[in-house]
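One structure is given here, and the rest of the page talks about it.
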Amino acid sequence: MTVAPKKASSEDLLGREEGERAEILAGEIRVQPAPRPRHSRAQGALRRFIGGRTTMTTGLRAGRWWILLEVDVRLDAHEVVRPDLAGWRRKRLARPWDLRPLDVTPDWTCEILSRSNVATDRVYKRNLYARSGVPFFWLVDPQARILETLRLRDGVWLDAGTYDDSASVRSAPFDDVLLEVARLFPPVAEQP
């Protein structure tokens with residue numbers, strides 16, 4: 001009789017090193033390498049341009065969103081993801097500060113594609129986020145300088161817009177933010 005291997009759960013992540021970039025997909029712990037500067041640039045820019053305008057604590061836009069980088073999100077017992085960026089409307093997640101993992105499905109996730117994770121983000125996580133009911137999913141491709149935005153309807157992703165670095169866009173769920181796509185990426189090298 002063969003014994004099936006034990007599937008990993010969030011408790012298995014808690015015992016790992018604090019800064020390790022690990023997540024659990026289909027019950028298997030997967031460790032990702034540290035991001036390259038191109039990836040980091042896109043992540044930081046999105047956090048600044050979207051998070052800076054939607055997470056303010058005072059003013060007209062106060063209290064609408066939490067935009068967090070690389071936090072553990074438990075979608076089910078054997079699926080604990082660490083999106084590059086994830087957003088929650090504050091009315092759904094009031095105080096996330098000391099929670100690990102977060103057990104509230106994000107209202108928005110964004111994955112930044114790297115050579116090591118293209119298939120995981122484009123296929124596995126895309127399907128997982130749909131099954132889990134994440135309403136909005138963005139993919140950023142720093143190499144191709146493209147932003148893809150998706151909206152979930154009846155369990156199926158609909159293309160909400162694909163943009164290159166020449167575009168300035170307003171895309172759900174952040175329609176009130178004008179995002180210059182080129183600002184997500186390093187400057188284009190000048191030609192001599």
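The values are calculated or read from the model by the stated rules, or taken from the named source; none is laboratory data. Remember, it's a predicted structure, so these values are computed and weren't measured experimentally. Using ideal geometry, Cβ is built from the backbone for each residue, glycine included, and neighbour counts are taken over all protein chains shown. Calculation scope for accessible area: heavy atoms of the full protein, side chains included, ligands and nucleic acids excluded. Shrake-Rupley method; radii C 1.70, N 1.55, O 1.52, S 1.80 Å.
Kindly evaluate ARG131 against the criterion of being at pLDDT 95 or above, over 22 Å from HIS39 (Cα atoms) and not in a strand (DSSP E or B). So ARG131 passes the test.
Can you tell me which of ASP154, ASP164 is at pLDDT 95 or above and out of contact with any strand residue (DSSP E or B) (no Cβ under 8 Å at 6 or more places or on another chain)?
Being at pLDDT 95 or above and out of contact with any strand residue (DSSP E or B) (no Cβ under 8 Å at 6 or more places or on another chain) holds for just one of ASP154, ASP164, which is ASP154.
Just to verify a result, which residue in the stretch 118-127, among those that are surrounded by 14 or more Cβ atoms within 10 Å (Cβ to Cβ) and more than 13 Å from the chain's Cα centre (by Cα), is nearest to PHE185 (Cα to Cα)?
VAL118
Please tell me if VAL104 is modelled with pLDDT of 95 or more and open to solvent by 10 Å² or more (accessible area, probe 1.4 Å). Spelling it out, VAL104 is indeed modelled with pLDDT of 95 or more and open to solvent by 10 Å² or more (accessible area, probe 1.4 Å).
In the stretch 17-39, the residues that are under 28 Å from LEU184 (Cβ atoms) reach residues that are assigned to a strand (DSSP E or B) and open to solvent by 70 Å² or more (accessible area, probe 1.4 Å) with C-beta atoms within less than 7 angstrom, at least six apart or across chains, in these pairs: GLU20/VAL31; ARG21/VAL31; ALA22/ARG30; ALA22/VAL31; GLU23/ARG30.
Consider the stretch 147-163 and keep the residues that are in contact with a helix residue (DSSP H, G or I) (Cβ under 7 Å, 6 or more places away or on another chain) and within 12 Å of VAL181 (Cα to Cα). The one that is surrounded by the fewest Cβ atoms within 10 Å (Cβ to Cβ) is TYR163. Summed over the stretch 138-161, the residues that are part of a strand (DSSP E or B) and more than 23 Å from ARG36 (Cα to Cα) give a count of 10.
The condition of being open to solvent by 10 Å² or more (accessible area, probe 1.4 Å), aliphatic (A, V, I, L, M) and either farther than 16 Å from ALA45 by Cα or out of contact with any helix residue (DSSP H, G or I) (no Cβ under 9 Å at 6 or more places or on another chain) (or both) holds for only one of ALA189, ALA167, that being ALA189.
So that you can scan it fast, the table gives a plain yes or no per residue for (1) in contact with a strand residue (DSSP E or B) (Cβ under 6 Å, 6 or more places away or on another chain); (2) in contact (Cβ under 8 Å) with a residue 40 or more places away in the chain:
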{"residue": "LEU102", "(1), (2)": "yes, no"}
{"residue": "GLY133", "(1), (2)": "no, no"}
{"residue": "PHE137", "(1), (2)": "yes, no"}
{"residue": "PRO142", "(1), (2)": "no, yes"}
{"residue": "ALA160", "(1), (2)": "yes, no"}
{"residue": "SER168", "(1), (2)": "yes, no"}
